[in-house]
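Remarks on the structure that follows.
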Amino acid sequence: MGGLVMADNAEQAARMRAMWSAVVLTSLDAARESKKNKGRALKTLTMWANSRNGREVLSLAGINPDKRVTDCMLAFAAKGVPTTTRRKRGANL
């Protein structure tokens, strides 16, 4: 019985990391998609990534929230590369 509980906990932890990773990816996409003021969006993303809440979200996603990692994350967002692909309405899953 103990092995089953550990497997459930590991699976739940993986699902939680995936959920928080989706939050990080959504934040990167939001900064990338900002058409009016990309510089402001990247500054906001920088402030979030370096805030207590941002560092906690990054940690929960399994991402080391140190300066090198956040700098790389911001550079990636600045390049304008989408992190996700959006499905067209009515597309088959």
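The values are calculated or read from the model by the stated rules, or taken from the named source; none is laboratory data. These figures come from a predicted structure and were not determined experimentally. In this analysis, Cβ positions are derived from the backbone assuming ideal geometry, glycine residues included, and neighbour counts consider all displayed protein chains. Note: areas computed on protein heavy atoms with side chains; ligands, DNA, RNA excluded. Shrake-Rupley method; radii C 1.70, N 1.55, O 1.52, S 1.80 Å.
Side notes on the structure shown:
- Complete set of residues in region 28-44 that are acidic (D, E) and either open to solvent by 60 Å² or more (accessible area, probe 1.4 Å) or touching a strand residue (DSSP E or B) at 6+ places or on another chain (Cβ under 9 Å) (or both): E33
The rows are residues; the columns are (1) exposed (fewer than 10 other Cβ atoms within 10 Å of the Cβ); (2) modelled with pLDDT under 90; (3) assigned to a loop (DSSP other than H, G, I, E, B); (4) polar (S, T, N, Q).
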| site | (1), (2), (3), (4) |
| --- | --- |
| N9 | no, yes, no, yes |
| A14 | no, no, no, no |
| L58 | no, no, no, no |
| M73 | no, yes, no, no |
| G90 | yes, yes, yes, no |
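- Being in contact with a Phe, Trp or Tyr (Cβ under 9 Å, 6 or more places away or on another chain), under 27 Å from Q12 (Cα atoms) and either surrounded by fewer than 16 Cβ atoms within 10 Å (Cβ to Cβ) or aliphatic (A, V, I, L, M) (or both) is a property that does not hold for L25.
- All told, M47 falls short of being open to solvent by 70 Å² or more (accessible area, probe 1.4 Å), modelled with pLDDT of 90 or more and either within 19 Å of T84 (Cα to Cα) or not in a helix (DSSP H, G or I) (or both).
- Hits in region 60-69 (condition: not acidic (D, E) and not in a helix (DSSP H, G or I)): A61, G62, I63, N64, P65
- T70 being among the hydroxyl-bearing types (S, T, Y) and within 30 Å of A10 (Cβ to Cβ): yes
- Long-range neighbours under 7 Å by Cβ, at least six apart or interchain, first residue of a type in the set (S, T, Y) within region 31-53, second assigned to a helix (DSSP H, G or I) and open to solvent by less than 50 Å² (accessible area, probe 1.4 Å): S34/A41; T46/L74
- Condition met for W20 (closer than 20 Å to G80 by Cβ, at pLDDT 90 or above and in a helix (DSSP H, G or I)): no
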